[in-house]
Amino acid sequence: MASSAEANTHQGMTGFLGWVERSGNKLPDPVFLFFYLILALVAVSVLLATLGVSALHPTTVDEAGNPAVIKAVSLLSPDNIQKLWVDMPKTFTHFHPLGYVLVVMLGAGVAERSGFFAAGMSSAVRSAPTSLLTPVVALVAMIGNHAADAGYVVLIPLAGILFAAAGRHPLAGIAAAFAGVSGGFSANISPGQLDALLFGITEEAVAASALDPSWSANLAGNWYFIAAMTFLYLPIIWYVTDKVIEPKLGPWTSGTKAGADDDEAITEASPENAGRGLRNAGFAALAVIALWAVMVFAPGTPLINEAACLTEAGQPIPDCSIHGELRPFYQSLVAAFFVLFLACGWAYGKAVGTINDHRDLVNMMAEAMKDMGYYLVLAFAAAHFVAMFAWSNLGLISAVHGAAAIQSTGLPLPIVLGLMVIFAGMLNLFVGSASAKWALLAPILVPMLMLLGISPEGATAAYRVGDSATNIITPLMVYFPLILIFAQRWVPSFGLGSLTAIMLPYSIWLLISGTLLIVIWFYLGIPLGPDAPVGYTLPVSGSGSG
């Protein structure tokens, strides 16, 4: 199967798509890409430090009251060499995304391996009326992003089966599910694993810039925005599937035989057991929600910081935002998703027999951590790149000069964000990993946009729009060959160019609509999530050594 996918990957690739594939394949693995960038960063830091490149710190003043000067620092200086080797364990383990992602994945691993994610998606899609099959598939696909790999492995082939059973072309179902899972990768009705991953990197970038030491990541910082993306993308995927793609594919008359193996693999649990498992998982979810509600609303709860709206003398602060008091709650959402996924997976697994005792539960969590092996290696390389960028001061210097250059153009800030979306979308054609791209871009883009008056949450939102829209047209996306195999089970002659061609309309419309959404969102100044404004004001300058 792998050899077949590889053969098709190189079949019929000409023109622009051929250039994308050839150029992307020349790039090293993202892990080594970071190591090569570190070597380049060292050389650049030595050169700029020798040339005396500097910038004025936007928030810190020296003892004379003048803006502190940020100077480029050589990464070959004795202090930085010592920091590299002595602090290596600390640099790795203190990388913010690492803890966020591993904690969430401990629970998500149980939910996936117990069969809960697959059963939930299958149940939702199977019960859809024929007339609403496309929007249900698209919506479940976007929500299914919380299920990570299960969205690709389970939902996409299942969508082909269901479309064929309804007398519709199965490739239209595969296209709609692929567009939802991957093209709508950042859209969802609630925060989840991707938010933990991206905001961890954002927090690392803010901390490295030292522009706002009090800022901390809020997992719900893009909640309103990604929910709006979901309901924007849903009619677009529906329209493109039913009115653009399916008419071009023509009628389907070959039955459902090609997808039989997929159907059997998806329905391992009996309908009775699966139904009971989903009910138990629902009760478990309600219990977790109730537990967090008690910790927020009960008197003297640990997830409310009542002192945030009180002066040192204990007097109420006028017009104090409730979001300040809720900060512990926002910061607890990583743990909340861990407990939610764990409880739902355990409840489902006990009902259907995939979890018999606590040892099965522990084994599933251990398997989930095994799957994170590559991410750990990537995180090690990314952590050192981000840290060394901060040690050299090049990130903040680039941000200051970049912000000044953008201001000199006179472009409105929403337009700047729109251009950032397009840039991220183009970069996504060559570097598929969402975390790798954001780890590369965030050290410069996040502080630069902060200096321009755009919040870290806004920078993250703009990035994720561009990152997801072009996933479905690049052959370098890791699941692209797998989707091709799913399609070839129905139409053996279906090639890589064919898959790219049917996904291109989705990509164009998702990129255009996502860009317009974020531009309009910022013009209107709508919060991106609770305690997550679109605008940003630098903290009051304080004394520093420079």
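The values are calculated or read from the model by the stated rules, or taken from the named source; none is laboratory data. This structure is a prediction, so every number in the text was calculated from the model and none was measured. Cβ coordinates were reconstructed from backbone atoms using ideal geometry, including for glycine residues, and neighbour counts include every protein chain displayed. For the accessible areas, the whole protein counts, side chains as well, though only heavy atoms, and no ligand, DNA or RNA atoms are used. Shrake-Rupley method; radii C 1.70, N 1.55, O 1.52, S 1.80 Å.
List the residue ranges in the chain for DSSP H helices whose C-alpha atoms run 27 angstrom or more along the long axis and whose Kyte-Doolittle average is 0.5 or above.
Both cut-offs are met by 30-51, 271-297, 333-352, 373-392, 496-524.
Using modelled backbone amide H atoms (1.01 Å from N, in-plane), which distant-in-sequence or interchain residues come within less than 5 Å of ASP212's amide H?
none
Ordered by packing density, taken as the mean number of other Cβ atoms within 10 Å over each peptide's residues, highest first, how do 526-533, 270-277 rank?
Highest mean packing first, the order is 526-533, 270-277.
Compute the distance from the alpha-carbon center of the stretch 353-428 to that of the stretch 87-117, in whole Å.
15
Cβ neighbours within 10 Å, averaged per peptide: list 199-212, 449-462 in order, most packed at the top.
Sorting 199-212, 449-462 by mean packing, highest first, produces 449-462, 199-212.
Where the accessible area of the chain is counted over protein heavy atoms with a 1.4 Å probe, how much of it, in %, is carbon and sulfur?
On the way: 15440 of 23270 Å².
Here it works out to 66 percent.
Between beta-carbons, use under 15 Å as the cut-off and find the net charge around PRO30, counting Lys and Arg +1, Asp and Glu -1.
Computed value for this residue: 0.
Quick one: which residues, 5 or more positions from ALA68 or on another chain, have an amide H under 5 Å from its amide H? H modelled 1.01 Å from N in the peptide plane, none for Pro or chain starts.
Amide H to amide H, under 5 Å and 5 or more residues apart or across chains, ALA68 pairs with HIS57, THR60, VAL61, ASP62.
At a 10 angstrom cut-off on C-beta neighbours, averaged per residue, how do the peptides 139-146, 49-56 rank from highest to lowest? Display every interim value, and only then the final one.
On the way: 139-146: 25.4, 49-56: 14.4.
Descending packing order for the listed peptides: 139-146, 49-56.
Run the count for the chain, please: Lys pairs, Cα-Cα under 25 angstrom, 8 or more apart or on different chains.
Taking the Cα cut-off of 25 Å, the pair count is 8.
For Rg and Dmax of the Cα atoms in Å, the choices are (1) 23.2, 77; (2) 24.5, 81; (3) 25.0, 89; which was calculated from the structure?
Label (2) holds the value from this structure.
State whether the stretch 364-439 is rounded, prolate or oblate according to the following rule on the C-alpha gyration tensor (a ≥ b ≥ c being the square roots of its eigenvalues): a/c under 1.5 gives rounded; otherwise a/b larger than b/c gives prolate, and the remaining case gives oblate. Working shown, then result.
On the way: a/c = 3.63, a/b = 1.78, b/c = 2.04.
Oblate, since a/c reaches 1.5 and b/c is not below a/b.
Averaged per residue, what accessible surface does the stretch 326-476 expose to a 1.4 Å probe, in Å²?
Values: 4820 Å² over 151 residues.
I get 32 Å² per residue for the stretch 326-476.
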